[in-house]
1. Looking only at region A:77-84, decide whether some residue is over 22 Å from residue B:161 (Cα atoms), free of Cβ contacts under 8 Å to residues at least 60 places away in the same chain and surrounded by fewer than 22 Cβ atoms within 10 Å (Cβ to Cβ).
2. Does residue B:274 meet the test of being buried (at least 17 other Cβ atoms within 10 Å of the Cβ), more than 13 Å from chain A (Cβ to nearest Cβ) and out of contact with any strand residue (DSSP E or B) (no Cβ under 8 Å at 6 or more places or on another chain)?
3. Kindly indicate the residue of region B:217-235 that is more than 13 Å from every other protein chain (Cβ to nearest Cβ) and either closer than 18 Å to residue A:118 by Cβ or without any contact (Cβ under 8 Å) to a residue 12 or more places away in the chain (or both) and also nearest to the chain's Cα centre (by Cα) among those meeting that condition.
4. Could you check region A:93-104 and list, in sequence order, the residues that are more than 10 Å from chain B (Cβ to nearest Cβ) and either more than 21 Å from residue B:55 (Cα to Cα) or part of a loop (DSSP other than H, G, I, E, B) (or both)?
5. Surrounded by fewer than 17 Cβ atoms within 10 Å (Cβ to Cβ), in contact (Cβ under 8 Å) with a residue 40 or more places away in the chain and more than 10 Å from chain B (Cβ to nearest Cβ), is that true of residue A:56?
6. Can you tell me which residue among B:65, B:15 is touching a residue at least 12 places away in the same chain (Cβ under 8 Å), away from chain A (no Cβ under 14 Å), surrounded by 16 or more Cβ atoms within 10 Å (Cβ to Cβ) and more than 15 Å from residue B:83 (Cβ to Cβ)?
7. Restricting attention to region B:162-216, which residues are over 22 Å from residue A:77 (Cα atoms) and within 11 Å of another protein chain (Cβ to nearest Cβ)?
């Protein structure tokens, strides 16, 4: 795939950096985040960050894998450059959620799940998916 | 004991009053034996369960700040040390990281205070029950209070993620190679099963969207513990407990693994103290841990 940095995306990437407090260009693609990620993502954290570094904002933002992040923070803990992929992923998720684009349909929610799950799972789920 | 027990302000959180009642009750019963009292805050709200990872999200700090204000007022009024004890790992992580964020950035604290129209001064230190046992009581002292012979139990300490990470902000132990729960189990006299998956993620809130993935992650952890010879797993997190325990209902994923009970560390502590565990809701677990204790005849057996 031929990658051309998109000029207008630079502004959105800077906004993402401001929102998350992360410096995306610090990443040097060592891949420790991806190696430690338990979420078996199709597009893993280091690749999402590489797309951002290449100025391909929409590819990163629309990656389905960001919704599989469980915020276990293994990636952030292991990053030798002090970048938090988990925070960047949450920043991308927030862009969808703040656009009123939820990823869990409450109406279709399994009643059994709601009855049996600890409150903390439901509240965290609300925060991350709705 | 003639001395009045130490009273520590305690924040339970939602799960502790519902699905994890056994965790709270066992922790309180054990505290009584050890000689301290968890004094629940009068007016508390949900902490929000997950700490916001993006720095712009100050709304996520309002709920924990409300709790910290309550605790601060209580401590000032009663002239006790500004500590707040927690049991739930999500609450601990959220409150502790809020404490850290305000310590680093006073401006953030001022903004949240202004929004809430409250005045949090930033004095509260958030501690976990396990941390209190290690740092204030001391595991060697705890060992002296054990009444039951625990040496027959092969127990795997499972840490999960949020009790330890991020290390810079939580600072309880090394997130890659923790020992606090090992040392706790050692003090109880259990056979401690060190296993590689002890800090792997159980899937957390992903259970809301991808329960199959959570089953798989839970299976990997339990199968690993089983391979290393564990009979049971202890944890401090109600969501880890729920995921690891409830996932075992997935008969397809767990076809080749016998049921393994997943206990809160305080439930095991209560057994070690020889306490009556009737109210500790052991029967509520998907994999009933009671046969394990009955088979080993732990009830009131002296050391």
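The values are calculated or read from the model by the stated rules, or taken from the named source; none is laboratory data. Small disclaimer: the values here were computed from a predicted structure and weren't measured. For neighbour counting, all protein chains shown are included, and Cβ atoms are generated from backbone atoms with ideal geometry for every residue, glycine included.
1. no
2. yes
3. B:234
4. Of region A:93-104, the ones more than 10 Å from chain B (Cβ to nearest Cβ) are A:95-102.
Answer for region A:93-104, where residues must be more than 10 Å from chain B (Cβ to nearest Cβ) and either more than 21 Å from residue B:55 (Cα to Cα) or part of a loop (DSSP other than H, G, I, E, B) (or both): A:99, A:100, A:101, A:102.
5. No, not satisfied.
6. The match here is B:65.
7. Once the filter is applied, which keeps residues that are over 22 Å from residue A:77 (Cα atoms) and within 11 Å of another protein chain (Cβ to nearest Cβ), region B:162-216 yields B:207, B:208, B:209, B:210, B:211, B:213, B:216.
Here's the yes/no breakdown for (1) part of a helix (DSSP H, G or I); (2) within 19 Å of residue B:56 (Cα to Cα):
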residue: A:6; (1), (2): no, no
residue: A:13; (1), (2): yes, yes
residue: A:17; (1), (2): yes, yes
residue: A:40; (1), (2): no, no
residue: A:50; (1), (2): yes, no
residue: A:65; (1), (2): yes, no
residue: A:75; (1), (2): yes, no
residue: A:91; (1), (2): yes, yes
